[in-house]
Amino acid sequence: MRGRFITFEGIDGSGKTTVVHRIEPELRRRGYTVVLTSEPTRTWLGDAVRESYDDDVGPLAETFLFLADRAAHTERIRDWLRTGAIVVSDRYADSTYAYQGARLEGVVKDPIRWLQRVSAPAILIPDLTILLEIPPRLGLRRIADRKRKVRFEKERFLTKVAKNYEKLARSPRFGRIDASRPANEVARDAIAVMDRRLGLRVR
Ligand code: TYD
């Protein structure tokens, strides 16, 4: 049996990680095997990605590193899905379309389309992508006291990223959630979207 592949997306500070960790126990309670994963991955490829944006190797080199990390991650996701698990990923291909789509403006023509074409052989299309939407200023305020700063956490840049997500979310694969509310409400809505779209009933 093939499992289900669900991805969570949103700008920095949108609360993806918190929400993903609230959804996991609910799915387990319903009798599903759940694999929680994330990108950049916790592998040497993910470490290379993190170094690339810390050092700013430039938008193209950074893009290819994100894609390499994802290509390897996708093979593992494929294996998990084959066991029938529900795979939940905190960020996946849409992060590259949204973030590197903004980074590659003026570097390649029509960056999002370009990224989607290059990515096609190396990705799986998620069954559902939940986009947590929050105004960039509020997202930044939420993560202001984090010790580890990431290069992309700037209001002007995140505003472009949010616009890219908005464009991507026109696809019916997306469910959009207002993430400016408390985590409990956001998690409850995320579960409701999963129920509606994928019918994940108690087994
Ligand atoms: P983040 O989700 O913050 O990872 P962690 O919680 O492990 O620090 O991701 C790190 C940054 O990388 C974040 O600003 C989003 C960015 N990013 C991209 O620019 N492109 C991508 O394809 C991915 C997966 C992340």
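The count of lysine pairs in the chain with alpha-carbon distances below 25 Å, taking only pairs 8 or more places apart or on different chains, stands at 15.
Hydrophobic long helices, here whole DSSP H runs in the chain with Kyte-Doolittle means of at least 1.0 and Cα atoms spread over 18 Å or more along the helix axis, are not found.
Ranked by the mean number of other Cβ atoms within 10 Å per residue, highest first, peptides 9-17, 194-202, 27-35 order as 9-17, 27-35, 194-202. Peptides 85-96, 129-140 ordered by packing proxy, namely the average of other Cβ atoms within 10 Å per residue, highest first: 85-96, 129-140. Extension gain, Arg173 to Arg42, is 44.5 nm, computed as 0.36 nm per intervening residue step minus the present C-alpha separation.
Only DSSP H runs of four or more residues enter the estimate; each adds -39500 (n - 2.57), and after division by the residues of the chain the mean residue ellipticity at 222 nm equals -15000 deg cm²/dmol. Which of the three applies to the range 70-203, rounded, prolate or oblate, going by the alpha-carbon gyration tensor with a ≥ b ≥ c and a/c under 1.5 meaning rounded? Oblate, because a/c is 1.5 or more while a/b does not exceed b/c. The simple Förster model, with R0 at 30 Å and r as the Cβ-Cβ distance, assigns Ser180 and Asp56 a FRET efficiency of 0.50.
Charging the Cβ of each Asp and Glu at -1 and of each Lys and Arg at +1, and nothing else, the dipole of the chain about its Cα centre rounds to 640 debye. Computed from label points 7 Å out along Cα-Cβ, the spacing between Ala68 and Arg196 is 4.1 nm.
Computed from the coordinates by the stated procedures, all read-outs in this text should not be read as laboratory data. On a predicted model such as this, the values are computed, not experimentally measured, just so you know. Cβ sites come from the backbone with ideal geometry, for glycine too, and all protein chains shown count toward neighbours.
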